[in-house]
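Visitor: Input: one structure, supplied below.
Every number here is computed from the coordinates shown, using simple stated rules; none is lab data. The model shown is predicted, which means the values in this text are computed figures rather than measured ones. In this analysis, Cβ positions are derived from the backbone assuming ideal geometry, glycine residues included, and neighbour counts consider all displayed protein chains.
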Amino acid sequence: MKKADSLEIQANILTKAMERVQRKNPSFSLRSAAKKLEISPSFLSRLMKGKTKIPLDRIDDFSKLLKLDKISENLLLEIHLDKKASSLASANLSSKSNTMRKYEELPETHLDLLEKWYYIAILDLSGCESFKLTPKHISNKIGITELEAKGAIDFLTNKKYLKKEANGSHTKAMPHFRFPTKESLSYIRNYHKQMLRKAFEELDRVEQKDFEKRLIAGVSIACNPQKIAEAQTMLNEAMYRIAEFLNDGEKKELYHLMVSLWPISK
């Protein structure tokens, strides 16, 4: 990763994290953040503008104060990788961050995208061949009513989540995005509930052709609870890498990839 690119990523992560905190606590300023971090406001300003790197031994402090998720924290760690290092750990971290750098972090003001499961589905459907931004086409492709499809089209175009290209086609305004969070939010919970219900519907399809097109699998594990956080990060990053793999080449179908890891014992 080039130094300029890495510092731009750092600036983006810190700026958006600061904005998220300030939306919940308007009195949280750059000066107050600097005081909590025990650094000067001018130095924090330089970090947020991508003028210099966060000291490696302070990344954890920034992560806790700004409530960074593990993916953002790993991106900050990757900035400190020695390009000449040959260790497997460094190579793996660099590979992961190459994938994650593509994803724009969306603030909570965009959580309305999750209100209906088919809003994001339509955005990604626009990346498939022969996509048409019509209620009939969308209804046929993802199984919603034409009235629902029309409402979704109006929402996505008015909010500028879909953009019109020069050739008249429509595509996602933001090709890659994610919602970073370190707390449970109702919009995100409700979205996953909607997608779980879709998974239940898929399990009711019992023909062999349906079975061969899906993978729904699970395993129970007697686990070491101290490894849960690391396992969550591994699963999360693997999900994005698989998405990138499936998105390469000719795109004709829309899939949903969901990962779950939750406690059975109480």
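Visitor: Taking +1 at the Cβ of each Lys and Arg and -1 at the Cβ of each Asp and Glu, which of Leu203, Tyr191, Ala238 sits farthest along the dipole of the stretch 111-246 towards its positive end, judged by Cα position relative to the Cα centre?
Guide: So the residue we want is Tyr191.
Visitor: Shifting gears a bit: Could you name the lysines in cross-link range of Lys164, using Cα to Cα under 16 Å and dropping any fewer than eight places away on the same chain?
Guide: Those lysines meeting the cut-off are Lys132, Lys172.
Visitor: For His176 and Tyr255 in the same chain, what is the full-extension length gain: residue separation times 0.36 nm, less their Cα-Cα distance, in nm? Intermediate values should be presented prior to the final figure.
Guide: Details: separation 79, 0.36 × 79 = 28.44 nm, distance 1.57 nm.
Gain in length upon complete extension: 26.9 nm.
Visitor: Quick one: of Lys64/Lys160; Lys198/Lys252; Lys35/Lys102; Lys16/Lys70; Lys209/Lys251, which pairs are farther than 27 Å apart, Cα to Cα?
Guide: Details: Lys64/Lys160 33 Å; Lys198/Lys252 20 Å; Lys35/Lys102 32 Å; Lys16/Lys70 15 Å; Lys209/Lys251 19 Å.
Check vs 27 Å cut-off fails for Lys64/Lys160; Lys35/Lys102.
Visitor: For the stretch 237-250, what does the Karplus curve 6.51 cos²θ - 1.76 cosθ + 1.60, with θ = phi - 60°, yield as ³J(HN,Hα) per residue in whole Hz, taken in order and with x for Gly and Pro?
Guide: Here the 3J(HN,Hα) series is 5, 4, 4, 5, 5, 5, 4, 5, 4, 6, 7, 7, x, 6 Hz.
Visitor: May I ask for the net charge around Met174, where only other residues with Cβ less than 13 Å from the Cβ of Met174 are counted and Lys, Arg are +1 while Asp, Glu are -1? Mind showing how you got there, number by number?
Guide: Details: positive: Lys102, Lys159, Lys160, Lys163, Lys172, Arg178; negative: Glu104, Glu105, Asp124.
With Lys, Arg at +1 and Asp, Glu at -1, the neighbours total +3.
Visitor: Quick check on the exposure proxy: order Trp117, Trp262 from fewest to most C-beta atoms within 10 angstrom. Intermediate values should be presented prior to the final figure.
Guide: Values: Trp117 19, Trp262 4.
The fewest-first ordering by Cβ neighbours comes to Trp262, Trp117.
Visitor: A follow-up question, please. Percent relative contact order of the chain, based on C-alpha pairs within less than 8 angstrom and at least six residues apart?
Guide: Relative CO of the chain lands at 19 percent.
Visitor: Roughly how tilted is helix 186-203, in degrees to the nearest 10 and between 0 and 90, from the longest Cα axis of the chain?
Guide: 40
Visitor: Okay, moving on. Roughly how far apart, in whole Å, are the Cα centres of the stretch 219-261 and the stretch 126-202?
Guide: So the separation of the two Cα centres works out to 21 Å.
Visitor: With Cβ to Cβ distances under 14 Å as the rule, what net charge do the other residues near Val206 carry (K, R +1; D, E -1)?
Guide: Cβ neighbours under 14 Å give a net charge of -2.
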